[in-house]
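These notes concern the structure reproduced below.
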Amino acid sequence: MEQTLSIIKPDAVAKNVVGQILSRFEAAGLRIAATKKVQLSQADAEAFYAVHAERPFFKDLVSFMISGPVVVSVLEGDNAVLKHRDLMGATNPKEAAPGTIRADFADSIDANAVHGSDSLENAKIEIGFFFAARDIY
Ligand code: CMP
């Protein structure tokens, strides 16, 4: 049984499709073990995406992620990291397969609706960034 971190980004929250996205996780057999809506500060977003600090898109990424609230969740299930990534589709919505979350809800590579941990190791770090163990059931 794996756990992974999901972020529903400000664009998808503003479109009022949080429930539709969470439903897709549940329909695919992932369980919501924790969830909350949060407004990230600039320091939060910079710390969360620190691995991308040297990339040319970092500044725009941070600005976008603090442009409105996000919904962060811990998803749990067999093969959760990969299953979640398959449901999201490619990072660039133009390349995302039909029927994936990004194909259906994302507008651009920055406003790409969702984030998901890319490995089990990063999932543990990302979950710890947002949730204490006692908040995950
Ligand atoms: P996410 O999965 O949240 O991880 C980093 C984010 O940076 C990514 O989704 C995109 O929204 C954003 N981003 C912008 N430009 C790029 C790029 N060229 N390559 C990867 N990610 C990018």
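The values are calculated or read from the model by the stated rules, or taken from the named source; none is laboratory data. Remember, predicted model here, so these are calculated numbers, not experimental data. Because the Cβ atoms are built from the backbone with ideal geometry, glycine has one as well, and the counts that use them run over all protein chains shown. What goes into the accessible areas is simple: the full protein's heavy atoms, side chains included, and nothing from ligands, DNA or RNA. Shrake-Rupley method; radii C 1.70, N 1.55, O 1.52, S 1.80 Å.
Rounded, prolate or oblate for the stretch 37-137? Axes are the square roots of the Cα gyration tensor eigenvalues, ordered a ≥ b ≥ c, and the cut-off for rounded is a/c under 1.5. Numbers along the way, then the final one.
Values: a/c = 1.61, a/b = 1.04, b/c = 1.56.
In terms of gyration-tensor shape, oblate.
Taking the Cβ-Cβ separation of Leu82 and Ser108 as r and a Förster radius of 35 Å, what is the calculated FRET efficiency to the nearest 0.05?
Details: r = 25 Å, r/R0 = 0.70.
So the FRET efficiency works out to roughly 0.90.
Note on the chain: GNM, Cα springs under 10 Å; of Val17, Val74, Val114, the largest mean-square fluctuation is that of Val17. Note on the chain: with neighbouring protein chains present and a 1.4 Å probe, carbon and sulfur make up 52 percent of its accessible heavy-atom surface. Taking the stretch 40-77 and a reference point 7 angstrom along Cα→Cβ of Glu95, no backbone N atom is nearer than 15 Å.
Label zone of Lys37 (point 7 Å out along Cα→Cβ, amide N under 18 Å): in the stretch 88-114 this covers 113-114. Taking Arg102, Arg85, Arg24 as the candidate residues, the one with maximal mean-square fluctuation in a Gaussian network model of the chain, Cα springs under 10 Å, is Arg24. Peptides 2-12, 121-131 ordered by packing proxy, namely the average of other Cβ atoms within 10 Å per residue, highest first: 2-12, 121-131.
The magnitude of the dipole of the chain, with charges of +1 and -1 set on the Cβ of Lys/Arg and Asp/Glu and taken from the Cα centre, is near 280 debye. Phi-derived couplings, Karplus 6.51 cos²θ - 1.76 cosθ + 1.60 at θ = phi - 60°, listed residue by residue for the stretch 6-13: 10, 10, 8, 7, x, 5, 6, 5 Hz, with x used for Gly and Pro. With +1 on each Lys and Arg Cβ and -1 on each Asp and Glu Cβ, and nothing else charged, work out how big the dipole of the stretch 66-118 is about its Cα centre, in Debye to the nearest 20. Here the size comes out at about 60 debye. Say the dipole of the stretch 6-137 comes from +1 at the beta carbon of Lys and Arg and -1 at that of Asp and Glu; which of Gly19, Phe129, Phe64 then lies farthest toward its positive end? Most positive-ward Cα: Gly19. At an R0 of 25 angstrom, the distance between the Cβ atoms of Ala47 and Arg134 translates into a FRET efficiency of 0.70.
Once backbone amide H atoms are built at 1.01 Å from N, Val114 has Lys9 as its partners under 5 Å, excluding neighbours fewer than 5 places away on the same chain. Scalar couplings 3J(HN,Hα) for the stretch 30-44, obtained by applying the Karplus form with A = 6.51, B = -1.76, C = 1.60 to θ = phi - 60°, are 8, 9, 8, 8, 6, 7, 6, 9, 9, 9, 6, 7, 4, 5, 4 Hz; x denotes Gly and Pro. Backbone amide hydrogens, once placed in the peptide plane, bring Ala90 within less than 5 Å of Ala96, Ala97, excluding anything fewer than 5 places away on its chain.
With the chain treated as a Gaussian network of Cα nodes joined by springs under 10 Å, which of Pro69, Pro93, Pro56 yields the largest mean-square fluctuation? Among Pro69, Pro93, Pro56, the largest GNM mean-square fluctuation belongs to Pro56.
For the stretch 83-99, backbone phi angles converted through the Karplus equation (6.51, -1.76, 1.60; θ = phi - 60°) give residue-by-residue couplings of 4, 5, 5, 5, 5, 6, x, 4, 3, 8, x, 5, 9, 6, 5, x, x Hz, Gly and Pro being listed as x.
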